[in-house]
Amino acid sequence: MLDLLKEFLSDVGAGDKPANRFDDSDYRLAAAALLMHVSMIDGEMSAKERERLQAVLKREFGLDDDATADLIEAATAADREAVDLYSFTSLLNRSLDEDGRRRMVEMMWQIVFADGRMNEFEDNIVWRASDLLGVSQRERVELRRSVSSESRARDDA
């Protein structure tokens with residue numbers, strides 16, 4: 001009994017087990033899970049998509065390598081458990097302003113074009129998520145063109 005109490009206090013205090021940095025109400029987890037879903041929509045995540053995902057999350061949320069890895073792990077689990085995109089987009093809608101939601105669509109396109117090409121599954125998932133985020137078709141297409149151009153310029157360099 002005393003050992004159980006010690007273990008509980010250790011877990012609550014400065015114990016060995018790190019607390020989950022990203023809970024279900026953290027918009028960063030919703031954003032990362034949505035990006036994870038985009039990267040996996042065609043059945044697998046390429047090495048370039050994984051690198052881009054890590055870079056985007058690290059840059060956009062000001063995370064270090066360990067926090068980025070933790071966020072990706074939590075996002076993978078959240079994406080696996082999700083039944084639709086609404087759970088992610090509804091939290092993002094509550095947490096982000098209009099510019100933030102457009103930035104989210106831009107991040108999705110960055111993941112899509114990480115490998116230099118877009119397939120119909122990727123285009124469809126960004127279209128559906130954009131719609132749920134309240135980003136217009138015109139803005140979505142403009143963001144796609146911009147990110148695609150940046151991607152081609154980066155690949156040519």
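The values are calculated or read from the model by the stated rules, or taken from the named source; none is laboratory data. Since we're looking at a predicted model, the values are computed, not measured. Here the Cβ is made from the backbone with ideal geometry for all residues, glycine too, and neighbour counts use every protein chain on show.
Is at least one residue of the stretch 107-115 small (Gly, Ala, Ser), out of contact with any Gly (no Cβ under 6 Å at 6 or more places or on another chain) and closer than 15 Å to residue 26 by Cα? Steps first, please.
Quick first cut of the stretch 107-115, residues small (Gly, Ala, Ser) only: 114.
After this cut, where a residue has to be out of contact with any Gly (no Cβ under 6 Å at 6 or more places or on another chain) as well, the list is 114.
Of the ones still in play, those that are also closer than 15 Å to residue 26 by Cα are none.
The answer is no, given that none of the residues of the stretch 107-115 is small (Gly, Ala, Ser), out of contact with any Gly (no Cβ under 6 Å at 6 or more places or on another chain) and closer than 15 Å to residue 26 by Cα.
Read through the list (1) surrounded by 14 or more Cβ atoms within 10 Å (Cβ to Cβ); (2) within 13 Å of the chain's Cα centre (by Cα); (3) of a type in the set (A, V, I, L, M, F, W, C), then give the number of the only condition that residue 77 fails.
Evaluating residue 77 over (1) surrounded by 14 or more Cβ atoms within 10 Å (Cβ to Cβ); (2) within 13 Å of the chain's Cα centre (by Cα); (3) of a type in the set (A, V, I, L, M, F, W, C) leaves (1) as the failure.
Specify the residue that is nearest to residue 46 (Cα to Cα); the eligible residues are those in the stretch 113-141 that are of a type in the set (A, V, I, L, M) and at pLDDT below 95. Don't jump to the end; show me each part of the working.
Here is the first cut: in the stretch 113-141, the ones of a type in the set (A, V, I, L, M) are 114, 118, 125-126, 129, 132-133, 135, 141.
Okay, now just the ones that are also at pLDDT below 95, so 114, 118.
Details: 114: 9, 118: 13 Å.
Selected residue: 114.
So which residues in the stretch 102-115 are in contact with an Asp or Glu (Cβ under 7 Å, 6 or more places away or on another chain) and in contact (Cβ under 8 Å) with a residue 60 or more places away in the chain, if there are any at all?
Hits for the stretch 102-115 are 107, 111, 112, 114, 115.
Among 130, 95, 39, which is of a type in the set (Ser, Thr, Tyr) and either in contact with an Asp or Glu (Cβ under 6 Å, 6 or more places away or on another chain) or free of Cβ contacts under 8 Å to residues at least 24 places away in the same chain (or both)?
Values: 130 fails: either in contact with an Asp or Glu (Cβ under 6 Å, 6 or more places away or on another chain) or free of Cβ contacts under 8 Å to residues at least 24 places away in the same chain (or both); 95 fails: either in contact with an Asp or Glu (Cβ under 6 Å, 6 or more places away or on another chain) or free of Cβ contacts under 8 Å to residues at least 24 places away in the same chain (or both).
That would be 39, the only listed residue that is of a type in the set (Ser, Thr, Tyr) and either in contact with an Asp or Glu (Cβ under 6 Å, 6 or more places away or on another chain) or free of Cβ contacts under 8 Å to residues at least 24 places away in the same chain (or both).
Report yes if residue 140 is among the charged types (D, E, K, R), farther than 26 Å from residue 26 by Cβ and free of Cβ contacts under 8 Å to residues at least 40 places away in the same chain, otherwise no.
Details: among the charged types (D, E, K, R): yes; farther than 26 Å from residue 26 by Cβ: no; free of Cβ contacts under 8 Å to residues at least 40 places away in the same chain: yes.
Answer is no for this residue.
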